[in-house]
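Here the structure is laid out as structure tokens; the discussion comes afterwards.
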Amino acid sequence: MNGAATNITKIKDSIPGSVRVVAVSKTKPPVEIMQVYNTGHRSFGENRVQELLSKKDQLPSDIEWHLIGHLQTNKVKYIVPFISMIESADSAKLLRVINTESINSGRVTDCLLQVHIADEATKFGFLPDELTGWLSEGEYLSMKGINFCGVMGMATFTENTDQVRHEFRTLKLFFNTLKEMFFADKEAFREISMGMSGDYKIAMEEGSTIVRIGSIIFGNKTKN
Ligand SMILES: *Cc1c(COP(=O)(O)O)cnc(C)c1O
């Protein structure tokens, strides 16, 4: 096996089967994605719509694509017909468009609510109070084109592992609150997507169900 195939196999062997690995393939060419695909892996994550669309056409149709980067409302219609999960639903406005486009496509789109947990101004996501406020208004209950599956968050990019752990713990507790307040009877609302190459072990200790891993699978030559 080549590097990427060996890497993903080792990672998956080292973690519980209940945690889903999304192989983050942004900036990587289809030939490298195929190396991972050929190990039997099917979940891949991309952060740019244009790049996702061009790769998708060159790769097998049974790949489960996760959109993990900020999504502009005018691009929603291009991905809704095939996307497996939108992990980066970060505003009410975006959710409304995903809902409408999904209904137009005759689909129900699996979405995670991206929550801003990092101590960085640049990361997207709902602020916790903003999200509970919006959910309290009840609009989400009428969004028949969306399957609310849980939350996604990114920790601060820092060497301070205590801070990272604290942020993941905060997200897990916030997930519990949302589950209890709004999604108690919704079986699908069970995912906590947190953890990347540098912090996925901490994230799993704090309860993640999905980890999004790029550079330690593919290498980080052209990471963005
Ligand atoms: C790039 C990216 C990842 C993967 O990061 P690595 O450090 O390469 O594992 C995970 N999540 C999001 C949202 C990303 O943009």
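The values are calculated or read from the model by the stated rules, or taken from the named source; none is laboratory data. Since the structure is predicted, the reported quantities are computational estimates derived from the model, not experimental observations. All Cβ positions, glycine included, derive from the backbone under ideal geometry; neighbour counts span all protein chains shown.
Here's the yes/no breakdown for (1) among the acidic types (Asp, Glu); (2) crowded, with 21+ Cβ neighbours inside 10 Å; (3) in contact (Cβ under 8 Å) with a residue 12 or more places away in the chain:
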| residue | (1), (2), (3) |
| --- | --- |
| VAL24 | no, yes, yes |
| VAL31 | no, no, no |
| VAL36 | no, yes, yes |
| SER43 | no, no, yes |
| GLN58 | no, no, yes |
| HIS66 | no, yes, yes |
| GLN72 | no, no, yes |
| VAL76 | no, yes, yes |
| GLU87 | yes, yes, yes |
ask   = Can you tell me which residues in the range 129-164 are under 20 Å from ASP199 (Cβ atoms) and more than 16 Å from the ligand (Cβ to nearest atom)?
value = ASN160, ASP162, GLN163
key: Selection within the range 92-108 - surrounded by 19 or more Cβ atoms within 10 Å (Cβ to Cβ) and touching a Lys or Arg at 6+ places or on another chain (Cβ under 7 Å)   = GLU101
Residues (part of a helix (DSSP H, G or I) and either in contact with a Lys or Arg (Cβ under 9 Å, 6 or more places away or on another chain) or touching a residue at least 12 places away in the same chain (Cβ under 8 Å) (or both)) located in the range 45-56 = VAL49, GLN50, GLU51, LEU52, LEU53, LYS55, LYS56
inquiry  = So if I check each of GLU101, GLU32, which one is within 26 Å of LYS186 (Cα to Cα) and either outside any loop (DSSP other than H, G, I, E, B) or within 15 Å of the ligand (Cβ to nearest atom) (or both)?
reply    = GLU101
request  = Go through the range 121-154 residue by residue and tally those that are exposed (fewer than 11 other Cβ atoms within 10 Å of the Cβ) and at pLDDT 95 or above.
outcome  = 6
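Every residue in the range 167-220 that is in a loop (DSSP other than H, G, I, E, B) and more than 11 Å from the ligand (Cβ to nearest atom), please. Break it down stepwise before answering.
First pass over the range 167-220, keeping only residues in a loop (DSSP other than H, G, I, E, B): 183-190, 194-199, 206-209, 214, 219-220.
Residues satisfying the conditions are PHE183, ALA184, ASP185, LYS186, GLU187, ALA188, PHE189, ARG190, GLU206, GLY207, SER208, THR209.
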task = Answer yes or no: is there a residue in the range 157-166 that is more than 25 Å from ILE79 (Cβ to Cβ), at pLDDT 95 or above and under 19 Å from the mean Cα position of the chain (by Cα).
result = yes
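Within the range 109-119, can one find any residue that is at pLDDT below 95 and more than 19 Å from the chain's Cα centre (by Cα)? It would help to see each step written out before you state the result.
First pass over the range 109-119, keeping only residues at pLDDT below 95: 117-119.
Now drop any that are not more than 19 Å from the chain's Cα centre (by Cα), which leaves 119.
Checked the range 109-119: at least one residue is at pLDDT below 95 and more than 19 Å from the chain's Cα centre (by Cα).
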ask   = Considering the range 1-28 alone, what residues qualify as being touching a Lys or Arg at 6+ places or on another chain (Cβ under 8 Å), assigned to a loop (DSSP other than H, G, I, E, B) and at negative phi?
value = SER25, LYS26
